[in-house]
Amino acid sequence: MAEERCPECKSKKLTQDYEKGELVCGVCGLVITEGMMDEGPEWRAFNADQRRERARGGAPITYMRPNKGLVTEIDQYNRDIRGARLPSKRQAQFYRMRRWHKRASITGSTERNLAVALSELNRIASYLGLPDSIRESAALTYRKCVEKGLIKGRLIESIVAAVIYAKCRERGVPRTLAEIANVSGVKKKEIGRAYRNISRELDLKIPLADPSYYVPRFVAGLGLSGKVQEKAFELMKKATKKRLISGRGPTGLAAAAVYTASVLCNEQRTQKEVADAAGITEVTIRNRYKELKTELDLPLE
C-alpha cells in the first residue's frame, strides 16, 4: 500500500486532527480530508485495570494458551452478576461445568501437546524471571516446531528448554544452558542437541553469545561493586580485541573476567565462590584466568 501524500506539495508529513476530524498537511497546511471518523474507543482509561474493564473487544491473542485465548472461559470467582457469592450447591455445579468445559476445549493430540508444553514453558520462564515478550516468542517458536514435526521422538521438556534458550540468546537475555537445564530437569546435552536441530530446521538467526552479558549478573550475585563491573567490562573488551573469546564458553570467560577484576580492585572472591555464582567448575575459571593474565599482561602474582 503506497504511503499517502499531500496532493498539493507531495509531502508525506500529514497530521490527523482528531478534535476537528481532519487530515492536514504539515508543510503547506492543506486540509486533505474532513469529517474523519475516530476509530478509537469512546471512553478513557487512566490505568491498566480501567482499560481492561472497559474494553469490549475481548482479550488479545496470546500464544501462551493452546487455543490462543480465543475461547470462552468460566471464571473461578463463583459470584453472580450482582457480585453476591453463589450457594455451595451452585458452586459445585459450576465446578463440574468448568471441568467439562476445560476437557471439551482441548481436542486432539496437538492441543493436548500444546497444553502440556505451554504449561512447562510458563513454569520455566517464571522461575528464570523472563518477560512476557520472550514467553510469547518462545511459544510461537514451539508451535512452529509442532507444525514441522520436530518434536517427534523427543521429550517435550527438552524442546521447550531449547526454545527458551534460543529466545534468550536471540533477545540478549543472559541465561546459561546450565541454568535452564537445572530448572527444566533435562540434561544439558539433550537441550543442546534439540537446540541445534531447531536452529537448523527453522533457520533461526541466533547471534553468538556475548560474554559481557553475563558480567552484571555475576557481579550482583557475588555482591561486588560497580568498580569491579567496569573493570570486568574493560577486560572483556581487551580480550575481544585479542580474540580470546573465540572457541571458549562465554560464561567461563565472563566469570574469569569478574574474578580477575575482583583481584585487581581488592575485592577478591575465591574461585569457588565465582564458580558457584556462574554455575561452572573452578578448573574452567582457573584456565581462563591464566589466559587473561598472560595475553593481557596483567600485573598479577
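The values are calculated or read from the model by the stated rules, or taken from the named source; none is laboratory data. Owing to the predicted nature of the structure, the values given are computational and were not obtained by experimental measurement. Here the Cβ is made from the backbone with ideal geometry for all residues, glycine too, and neighbour counts use every protein chain on show.
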**Prompt:** Is it the case that region 93-108 has a residue that's under 24 Å from Arg154 (Cβ atoms) and at pLDDT 80 or above?
**Reply:** no
**Message:** Just to be sure before I move on: is Leu23 farther than 30 Å from Glu111 by Cα, touching a strand residue (DSSP E or B) at 6+ places or on another chain (Cβ under 6 Å), surrounded by 13 or more Cβ atoms within 10 Å (Cβ to Cβ) and modelled with pLDDT of 80 or more in the structure I sent?
**Reply:** yes
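Out of Leu244, Leu235, I need the residue that is surrounded by 14 or more Cβ atoms within 10 Å (Cβ to Cβ), over 21 Å from the mean Cα position of the chain (by Cα) and at pLDDT 85 or above. Which one? It would help to see each step written out before you state the result.
Details: Leu244 fails: at pLDDT 85 or above.
From the options Leu244, Leu235, the qualifying one is Leu235.
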**Prompt:** Of all the residues that make up region 250-264, how many are touching a Lys or Arg at 6+ places or on another chain (Cβ under 6 Å) and either touching a residue at least 60 places away in the same chain (Cβ under 8 Å) or among the small types (Gly, Ala, Ser) (or both)?
**Reply:** 4
**Asked** Based on what the data block shows, is Val31 exposed (fewer than 13 other Cβ atoms within 10 Å of the Cβ), more than 30 Å from Asp132 (Cβ to Cβ) and modelled with pLDDT of 80 or more?
**Response** yes
**Asked** Do you know which of the residues in region 251-290 that are surrounded by fewer than 19 Cβ atoms within 10 Å (Cβ to Cβ) and under 25 Å from the mean Cα position of the chain (by Cα) is nearest to Ser212 (Cα to Cα)?
**Response** Gly279
**Message:** Restricting to region 151-199, name every residue that is under 17 Å from Asn113 (Cβ atoms) and either in a loop (DSSP other than H, G, I, E, B) or not assigned by TED's automatic domain parsing to the domain that holds Asn122 (or both).
**Reply:** Ile151, Lys152, Gly153, Arg154, Leu155, Val186
